[in-house]
1. Mind checking which pairs have a first residue in the range 161-174 that is within 14 Å of Met24 (Cβ to Cβ) and a second that is crowded, with 18+ Cβ neighbours inside 10 Å and of a type in the set (Lys, Arg), Cβ under 6 Å, 6 or more apart or different chains?
2. Out of contact with any Pro (no Cβ under 6 Å at 6 or more places or on another chain), more than 30 Å from Gln74 (Cβ to Cβ), outside any helix (DSSP H, G or I) and without any contact (Cβ under 8 Å) to a residue 24 or more places away in the chain: which single residue out of Glu133, Glu112, Glu138 fits that description?
3. Residue check: is Arg110 charged (D, E, K, R) and touching a strand residue (DSSP E or B) at 6+ places or on another chain (Cβ under 9 Å)?
4. From (1) surrounded by 14 or more Cβ atoms within 10 Å (Cβ to Cβ); (2) more than 24 Å from Asn191 (Cβ to Cβ); (3) not basic (Lys, Arg), pick out the condition that doesn't hold for Leu78.
5. Any residue in the range 167-180 that is closer than 25 Å to Gln13 by Cβ, touching a Cys at 6+ places or on another chain (Cβ under 8 Å) and either at pLDDT 95 or above or part of a helix (DSSP H, G or I) (or both)?
6. Can we say Asp107 is at negative phi and either acidic (Asp, Glu) or at pLDDT 95 or above (or both)?
7. Right, Gln13: polar (S, T, N, Q), at pLDDT 95 or above and part of a helix (DSSP H, G or I) or not?
Amino acid sequence: MSQASGGFHQRLQQLDPRRQQAFMAALCERLLPNYRFYHEGRSGQGNPAGLRAVLDLVWEHLTVKEARIDFERQAEKLAELEPPADDDSFGARRALEAVVALSALLDTLRGEAPEAVLEVSRVSRGGVRAFIELTEGEEDAGRLAQLVRDHPLMADENDFQDALLEAVSGPLGRDELKALRRLGRNDGVSNLGLSLD
């Protein structure tokens, strides 16, 4: 682990819960297209609209102080959106990452989950790593690790998370949250560089 990522994780953990939630919500936005890919590639497995609805409620909670949302219920709904456990396809694993990340975010809204923000950060990077490993097809572990580190997708992921951390470290009013959400949506391009549009 590089020195930079150590400092990065420390800064993430020092954020107040609302800023951590905003960081996670923006990362979840960027994971959502992977779930949609799985849905469209797997003859309608999964429910992207359901995932979208849960994430929309998170943004509402972050934006509207008075919003009363039953996150226990949302967590139950989310659990039903997981790909089947016996589906070991690449698409299903990336779709599961979107659900796991959103689930970790809901955990923080339902109570204590101090590690959740690190988990979501790692889940997003892990998906990128898996994608690079799949597409590069390098057998040698050392060379593969180097490939992953130097890969443009990983550089993009690291830059994206750095930009998010900067964004949530400043003021976080309605306009900033809107901008953060736009940043997370990334013009519909996921952390794997995939877009449905």
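1. Taking only residues 6 or more apart or on different chains, the pairs are Val168/Arg19.
2. Details: Glu133 fails: outside any helix (DSSP H, G or I); Glu112 fails: more than 30 Å from Gln74 (Cβ to Cβ).
Residue meeting the stated conditions: Glu138.
3. no
4. Among (1) surrounded by 14 or more Cβ atoms within 10 Å (Cβ to Cβ); (2) more than 24 Å from Asn191 (Cβ to Cβ); (3) not basic (Lys, Arg), the lone unmet condition for Leu78 is (2).
5. Taking every residue of the range 167-180 in turn, none turns out to be closer than 25 Å to Gln13 by Cβ, touching a Cys at 6+ places or on another chain (Cβ under 8 Å) and either at pLDDT 95 or above or part of a helix (DSSP H, G or I) (or both).
6. yes
7. No, not satisfied.
The values are calculated or read from the model by the stated rules, or taken from the named source; none is laboratory data. As the structure is a computational prediction, the values presented were derived from the model and not from experiment. Using ideal geometry, Cβ is built from the backbone for each residue, glycine included, and neighbour counts are taken over all protein chains shown.
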